């Protein structure tokens, strides 16, 4: 095995050293948090008025959980600890109420996040001789840019291809001899289904590795990717609130993901009670960011379900490993790597005057990709007009949804009473994708 380290001293540090480093960094984060409008109210309410009030890591649990709603309610600057002149980048993600969540990064924060990403990439054996084609979205989402910066720091040549335009992606892979991809697993499978159409064989490509993430996938999907492309596929885990895809990453042994405990404190809780569960038991992932000071975030409930491994990894790294994500404790949908909530769709369609009182969201597989279909009932009078009027309305609904959730679903317009009606709680989402 080609075992490489980016920062061997930290990656292989004993547990006592890691916990000591976590405590020192937590105190520093507390100092920053007390400068934010949000935490300057919350922390004193539980007796934390200065970093000195944190004596052990157990004191972290005195702090209430931070929820996504807290980020939305304090948009745009309620969790900002520095003047905006110190901020070099923001990222946002869509919210269920139309209010996004925003992440602020100072130059120092960005440097730390980049270094963690470089560590993750190096753990897979990738290095300066590799060429990374980054097919994740660039812009306000964190996935594309964070990977881009980390790969450049390691010394890979980066092709910032972003998503879409499959024929061009294959051309870039072929022309520039791409060796590593950053991509959603569904899109990579879709690319494979198109190779013959473009006159390209897998053997024509120089691919060696793929960093896959941003959407749930099974071990069977990973194996299928590896068999089809004759490459190694590495799982990654991250979220915008924690700086993107470098929170946890697999090493060359591909035996679940090393969660970088010098950068994040992880807790696994019972999602119903909020109490810690033992290592090895499934629960909700709660994270505290130890490397971002412009916008501290402590005890953030991710809603992702997973468990922690306690047995050591053969690569020599001592940071505990996080299992693949097993599900969600909320109703968030992930469509081809894009996160959205059913309530976002409801907010849009229910504001359109022509739409009646019933709608349904359907998610299905279309080959390797996800397909999102929004079905809405219209008032009867709408079906008395011209066909062009109906087509224009369908286009309008699609465009307004795209503005809210960033992807354009297929729209189906139905007559009143044609969609299922429910006397109790409505079943708004029908997801027929195969379960993991």
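Counting only residues that are surrounded by 24 or more Cβ atoms within 10 Å (Cβ to Cβ) and part of a loop (DSSP other than H, G, I, E, B), which one in segment 242-256 is modelled with the highest pLDDT?
Ranking the qualifying residues of segment 242-256, first place goes to 251.
Counting just the residues of segment 63-98 that are within 26 Å of residue 274 (Cα to Cα) and surrounded by fewer than 17 Cβ atoms within 10 Å (Cβ to Cβ), which one comes out modelled with the lowest pLDDT?
For segment 63-98, the residue satisfying everything is 97.
If we keep just the residues of segment 142-160 that are in contact with a helix residue (DSSP H, G or I) (Cβ under 7 Å, 6 or more places away or on another chain) and over 21 Å from residue 7 (Cα atoms), which is surrounded by the fewest Cβ atoms within 10 Å (Cβ to Cβ)?
Top of the filtered list is 160.
Are any residues in segment 268-298 at pLDDT below 95, in contact with a strand residue (DSSP E or B) (Cβ under 8 Å, 6 or more places away or on another chain) and either in a strand (DSSP E or B) or surrounded by fewer than 15 Cβ atoms within 10 Å (Cβ to Cβ) (or both), and if so, which ones?
Result: 279, 280.
Checking the condition buried (at least 19 other Cβ atoms within 10 Å of the Cβ), closer than 30 Å to residue 23 by Cα and assigned by TED's automatic domain parsing to the domain that holds residue 161, which residue from 181, 259 passes?
After ruling out the rest, the residue left standing is 259.
Of everything in segment 132-141 that's assigned to a loop (DSSP other than H, G, I, E, B) and touching a strand residue (DSSP E or B) at 6+ places or on another chain (Cβ under 6 Å), which residue is modelled with the lowest pLDDT?
If we take residues in segment 132-141 being assigned to a loop (DSSP other than H, G, I, E, B) and touching a strand residue (DSSP E or B) at 6+ places or on another chain (Cβ under 6 Å), then 140 is modelled with the lowest pLDDT.
Return yes when residue 43 is touching a helix residue (DSSP H, G or I) at 6+ places or on another chain (Cβ under 7 Å), without any contact (Cβ under 8 Å) to a residue 60 or more places away in the chain, surrounded by 16 or more Cβ atoms within 10 Å (Cβ to Cβ) and within 30 Å of residue 330 (Cα to Cα) and no when it is not.
Yes.
State which residue is surrounded by the fewest Cβ atoms within 10 Å (Cβ to Cβ) when the search covers only segment 395-408 and only residues that are in a loop (DSSP other than H, G, I, E, B) and touching a residue at least 40 places away in the same chain (Cβ under 8 Å).
Taking the candidates together, the pick is 407.
Output yes when any residue across segment 2-21 is touching a residue at least 24 places away in the same chain (Cβ under 8 Å), within 21 Å of residue 295 (Cβ to Cβ), within 28 Å of the chain's Cα centre (by Cα) and surrounded by fewer than 16 Cβ atoms within 10 Å (Cβ to Cβ), and no when none is.
No, there is no match, as no residue in segment 2-21 is touching a residue at least 24 places away in the same chain (Cβ under 8 Å), within 21 Å of residue 295 (Cβ to Cβ), within 28 Å of the chain's Cα centre (by Cα) and surrounded by fewer than 16 Cβ atoms within 10 Å (Cβ to Cβ).
Return yes when residue 329 is surrounded by fewer than 14 Cβ atoms within 10 Å (Cβ to Cβ) and in contact with a strand residue (DSSP E or B) (Cβ under 9 Å, 6 or more places away or on another chain) and no when it is not.
Criteria not met by residue 329.
The values are calculated or read from the model by the stated rules, or taken from the named source; none is laboratory data. Because the structure is predicted, anything quoted here is derived from the model rather than measured. Every residue, glycine among them, receives a Cβ derived from its backbone with ideal geometry; neighbour counts consider all protein chains shown.
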